[in-house]
Amino acid sequence: MGELNFFLGLQVKQTPRGTMISQQKYIKELLKRFEMESSKIIDTPITTATLLDMDEPGSPVNETMYRGIIGSLLYLTTSRPDIVFSAAQRILRYLKGMQDLILYYPLGDNFDLIGYADANYAGYLVDTKSTSGMAHFLGSCLISWGTRKQNPVALSTAEAEYVAAASCCAQLLWIKQ
């Protein structure tokens, strides 16, 4: 059979020092499929000043194209955790400039399980709920990440951070099991 090189759109390169996973070819196909090959490149997948709010007037969108982009991006997130929870066209423009990024899993790495959490106090303007974000590492390898709106309405930044930390710890305990 031989060594694994491609698997379901993932390019895999195995070396004596570790394994690298990339989706460069898939990204090029996405840009061509959604006619964004000539789009401008951007440095970040989401703006830092983004505020979550309701789209009351409801701008018209091509639903078929949007669902196609989202479905393709969901698959792409298996190797690109930096694009989760962002606008679809902005992500494609970001990916155009960042096609060469890879996941690298070195052999013989220190395998401590570590989690990081953060919160955005009252970031959702509709109901003033906070947003939690977390990332979990096994050694230097990202193995899990997530972001979600918190269920309780936090009364302070500290409370929002505690809710995020508790969620992160719960996820770490689940991973450990």
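The values are calculated or read from the model by the stated rules, or taken from the named source; none is laboratory data. Note that the structure is a prediction, hence the values are computed from the model and not measured. Cβ placement follows ideal geometry from the backbone for every residue including glycine, while neighbour counts extend to all protein chains displayed. Heavy atoms of the whole protein, side chains included, go into the accessibility calculation; ligands, DNA and RNA do not. Shrake-Rupley method; radii C 1.70, N 1.55, O 1.52, S 1.80 Å.
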## Note on the structure
Between ASP82 and GLU63, the two model label points (7 Å from Cα along the beta-carbon direction) sit apart by a distance in nm of 3.5 nm
### Task
Calculate the spin-label point distance for TYR116 paired with THR19, positioning each point 7 Å from the Cα along the beta-carbon direction, and give it in nanometres.
2.4 nm
### Message
Just to verify a number: FRET efficiency for SER144 and GLU3, C-beta to C-beta distance, R0 = 30 Å, to 0.05?
### Response
0.65
#### Entry: Karplus-derived HN-Hα couplings along region 130-142 (A = 6.51, B = -1.76, C = 1.60, θ = phi - 60°), whole Hz, x at Gly and Pro
8, 10, 9, x, 8, 9, 10, 10, 10, x, 9, 9, 5
#### Entry: Portion, in percent, of the accessible area of the chain that falls on carbon or sulfur, probe 1.4 Å
58 percent
### Task
Mind jotting down the distance between the C-alpha centroids of region 1-40 and region 71-138, whole Å?
18 Å
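Keeping all protein chains in place and using 1.4 angstrom, which order do TRP174, TRP145 fall into by accessible surface area, from largest down?
Output order, biggest surface exposure first: TRP174, TRP145.
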### Contour excess over end-to-end distance, with Cα ends at ILE41 and THR157 and 0.36 nm allotted per residue
38.3 nm
### Task
Provide the FRET efficiency to the nearest 0.05 for the LYS176-TYR105 pair, computing r from the beta carbons and using R0 = 22 Å.
0.70
### Summary
Computed over the chain, the relative contact order (Cα-Cα under 8 Å, seq sep at least six) in percent reads 20 percent
### Task
Quick one: grab Rg to one decimal and Dmax as a whole number for region 29-177, Cα atoms only, in Å.
17.6, 54
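With a ≥ b ≥ c the root eigenvalues of the C-alpha gyration tensor of region 102-158, is it rounded (a/c under 1.5), prolate (a/b larger than b/c) or oblate?
In terms of gyration-tensor shape, prolate.
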### Accessible surface of PHE111 - all protein chains present, 1.4 Å probe, nearest 10 Å²
110 Å²
### Query
Under a 1.4 angstrom probe, counting protein chains only, how are ARG93, ARG67 ranked by accessible area, largest first?
ARG67, ARG93
### Message
For GLU63, GLU35, give me the order by solvent-accessible area with a 1.4 Å probe, most accessible first, ignoring ligands, DNA and RNA.
### Response
GLU35, GLU63
### Message
Per 0.36 nm of contour for each residue apart, how much would the distance between VAL12 and PHE137 grow if the chain were fully extended, relative to their Cα-Cα spacing?
### Response
43.0 nm
### Summary
Only helices counted: for the chain, with every DSSP H run of 4 or more residues adding -39500 (n - 2.57) and the sum spread over all residues, [θ] at 222 nm is -10000 deg cm²/dmol
